[in-house]
Amino acid sequence: MSSDEVERSTRTLPRLADVAARAGVSTATADRALNRRPGVRLATMQRVLRAAADLDYLVDANDRAAAAVKPVRIGFLLPASPNSYVSMLGRMIGAAQDRFAEVNMRARVDYIESFKPELLAQHLRKVGRDVDGVAFMALEHPTVREAVDLLAERGIPAVTLISDVANTRRVAYVGLDNRSAGRTAGYLIARFIGSKPAKVAMIAGSLSYRAHEEREMGFLHLFQELFPAIEVVGLREGHDEEARNYRQTKMLLAQHPDLAGIYNIGGGPEGIARALKEAGRQNEVVFVGHGLTAETRALLVEGAMDAVITQNPQATLMDCISIFANLRAGRPASQGVERPRTEIFLRENLP
């Protein structure tokens, strides 16, 4: 018998209840964690394994190795759309592997076809088998809600980015107050137009994004409440595509020659700007959109766009890291994480 074994034989052996007490969980949870059964959150699993190692409850070498804190694997699911802001966010995540490694995390980015909730739900279920947490741009749909709740049952936390999904067990949302963002866009357009009767229009990516739907509602209510002389003549969907937004804008200008403003709720601003330039209306129609990118920056500089409302992508990434770090440590998901701020850029205040 080795000296270690002799020492263990002469002292009181730790019990499962001791491990549970040290980890701050029930004995049933401790048992599930130690036996690698599903239904235990990653942070809880690691806390139980550390407690077991501290108490020398794990005597097997493999168990001791498993007790070491492993990197948290985060899967980001983003739409494979022409939206330049989303593409920029994806590149930023891919380039931040060193930052993730500093906090013992690993990140992967998967792109899926846009505006297809069943496909998004399928990928959520699939990626949930390979990661410890998921961050994704949500679509408002029953299949997506079911997938998020299934992940929660498996102990895989889900964080929504930019666009949220209602009535689910997702742990946090990292995005703007989109109703407020829509009201802000309306207020900017109204102030640019001035106190006179006018017509304005909206072009959305897709109302299957809750963010776009809430922006529309905020925009409409702002004019109803404060600027009733300005008429909102309708909403069109462009699926964030430059060519489709170009066609939608051409039709709007043909139907409403006196159009005074356009709010681009989603992506594809270049198409709208091109249609306005071809019609010689770029200096007459107020154009407000979302997402500060190289493309929208150029449109602001040349005067084709008047204002861009944005969410800082670097802050979005850092918030995700903080949320998953909180969960790993057993803290509330959003502890110490501030709600993203709405930023407004004009040509004169570009960073």
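The values are calculated or read from the model by the stated rules, or taken from the named source; none is laboratory data. From a predicted model like this one, the values you see are computed outputs, not experimental measurements. Cβ atoms come from the backbone with ideal geometry, glycine included; neighbour counts cover every protein chain shown. Ligands, DNA and RNA are excluded from the accessible area calculation, which covers all protein heavy atoms including side chains. Shrake-Rupley method; radii C 1.70, N 1.55, O 1.52, S 1.80 Å.
So is GLU153 under 30 Å from LEU226 (Cβ atoms) and touching a residue at least 60 places away in the same chain (Cβ under 8 Å) or not?
In short, no.
Among the residues of the range 127-150, is there at least one that is without any contact (Cβ under 8 Å) to a residue 40 or more places away in the chain, in the same structural domain as LEU327 (by the TED database) and closer than 13 Å to LEU317 by Cα?
No, every residue in the range 127-150 fails to be without any contact (Cβ under 8 Å) to a residue 40 or more places away in the chain, in the same structural domain as LEU327 (by the TED database) and closer than 13 Å to LEU317 by Cα.
Tell me, which strands (runs of 3 or more DSSP E) lie completely within the range 129-246 with 3 or more residues that are open to solvent by less than 10 Å² (accessible area, probe 1.4 Å) and not basic (Lys, Arg)?
133-136, 158-161, 198-204
Working only within the range 112-126, note down all residues that are without any contact (Cβ under 8 Å) to a residue 40 or more places away in the chain, open to solvent by less than 50 Å² (accessible area, probe 1.4 Å) and within 17 Å of the chain's Cα centre (by Cα).
ILE112, ALA121
Can you pull out every residue in the range 197-211 that is at pLDDT 95 or above and either closer than 9 Å to ARG179 by Cα or of a type in the set (A, V, I, L, M, F, W, C) (or both)?
ALA198, VAL200, ALA201, MET202, ILE203, ALA204, ALA211
Assess whether GLU231 counts as being touching a helix residue (DSSP H, G or I) at 6+ places or on another chain (Cβ under 6 Å) and outside the structural domain of LEU317 (by the TED database).
no
Of all residues being out of contact with any helix residue (DSSP H, G or I) (no Cβ under 7 Å at 6 or more places or on another chain) and outside any loop (DSSP other than H, G, I, E, B) in the range 251-268, which is surrounded by the fewest Cβ atoms within 10 Å (Cβ to Cβ)? Just the residue, please.
Per the stated criteria, the residue is ALA254.
Limited to the range 269-307, what total is found for residues that are assigned to a loop (DSSP other than H, G, I, E, B), in contact with a strand residue (DSSP E or B) (Cβ under 8 Å, 6 or more places away or on another chain) and either among the aliphatic types (A, V, I, L, M) or open to solvent by 40 Å² or more (accessible area, probe 1.4 Å) (or both)?
6
Criterion first (open to solvent by less than 50 Å² (accessible area, probe 1.4 Å) and in the same structural domain as ALA198 (by the TED database)) does ALA325 satisfy it?
No: the conditions fail for ALA325.
Kindly evaluate ARG91 against the criterion of being of a type in the set (D, E, K, R) and over 19 Å from GLU270 (Cβ atoms).
no
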